1. Right, LYS73: under 14 Å from the mean Cα position of the chain (by Cα) and free of Cβ contacts under 8 Å to residues at least 12 places away in the same chain or not?
2. Show the residue pairs that are 6+ apart or on different chains and have beta-carbon atoms under 6 Å apart, the first residue being within segment 78-104 and farther than 20 Å from ASP4 by Cα and of a type in the set (A, V, I, L, M), the second being modelled with pLDDT under 70 and surrounded by 11 or more Cβ atoms within 10 Å (Cβ to Cβ).
3. Taking LYS39, is it in a helix (DSSP H, G or I), surrounded by fewer than 14 Cβ atoms within 10 Å (Cβ to Cβ) and in contact (Cβ under 8 Å) with a residue 40 or more places away in the chain?
4. Kindly provide the set of residues from segment 52-66 that are among the basic types (Lys, Arg) and not in a helix (DSSP H, G or I), ordered by number.
5. For segment 60-76, how many residues meet the condition of being at pLDDT below 95 and of a type in the set (Phe, Trp, Tyr)?
6. Does ARG66 fit the bill of being surrounded by 13 or more Cβ atoms within 10 Å (Cβ to Cβ) and either closer than 21 Å to ALA10 by Cα or of a type in the set (Ser, Thr, Tyr) (or both)?
7. Considering TYR46, TYR34, which residue is touching a residue at least 24 places away in the same chain (Cβ under 8 Å) and in a helix (DSSP H, G or I)?
8. Can you find even one residue in segment 6-14 that is crowded, with 18+ Cβ neighbours inside 10 Å, among the charged types (D, E, K, R) and over 21 Å from GLU121 (Cβ atoms)?
Amino acid sequence: MAKDPELAKAVANRIDEAREAESKEDPDTAIALYEENMKSGYPDPYSFDRLMILYRKQKKYKDELRVINRAIKVFTDDYARHQKNQIVTARNKKQVKDLSAAIMRKSGLTDKKGNETYLPEPIGKWMKRKAVVEKKLKP
């Protein structure tokens, strides 16, 4: 999803409203606002993090896991789109792609098959959090 300025402004406004609701100890309103931000698909880590925290405080682990999975998807898609746009605009696409792959391999950010082992933040943090929540959900 392209970072639309109007969408960014709407997300920021909902964050302000949600912060105010949290300060007034109204988590249900804050959750509703953060959920709206999440549904927009805009890659804003603050909304996702706060939503995870609020669900964790309420011990709603299934909802927390749902938010984590959505956050990982939104940010992974955004990261992939960003990388694709960088390579597409390069003059010599194949050379840039091959050079990037070699650097990633040498630095240990990919395995021998070319699969990325590096996860940019906040995706890496959320993957760890997902493992913790999944353990809590197992009987």
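1. yes
2. Every condition considered, the pairs that remain are VAL96/ILE87; VAL96/ALA90.
3. Against the criterion (in a helix (DSSP H, G or I), surrounded by fewer than 14 Cβ atoms within 10 Å (Cβ to Cβ) and in contact (Cβ under 8 Å) with a residue 40 or more places away in the chain), LYS39 does not qualify.
4. The answer is LYS59, LYS60.
5. Final tally of qualifying residues: 1.
6. Criteria not met by ARG66.
7. Of the residues listed, the single one that is touching a residue at least 24 places away in the same chain (Cβ under 8 Å) and in a helix (DSSP H, G or I) is TYR46.
8. Yes, the conditions are met somewhere in segment 6-14.
The values are calculated or read from the model by the stated rules, or taken from the named source; none is laboratory data. What you see is a predicted model, and the numbers here were worked out from it, not measured in a lab. Note that each Cβ is placed from the backbone with ideal geometry, even for glycine, and that neighbours are counted across all protein chains shown.
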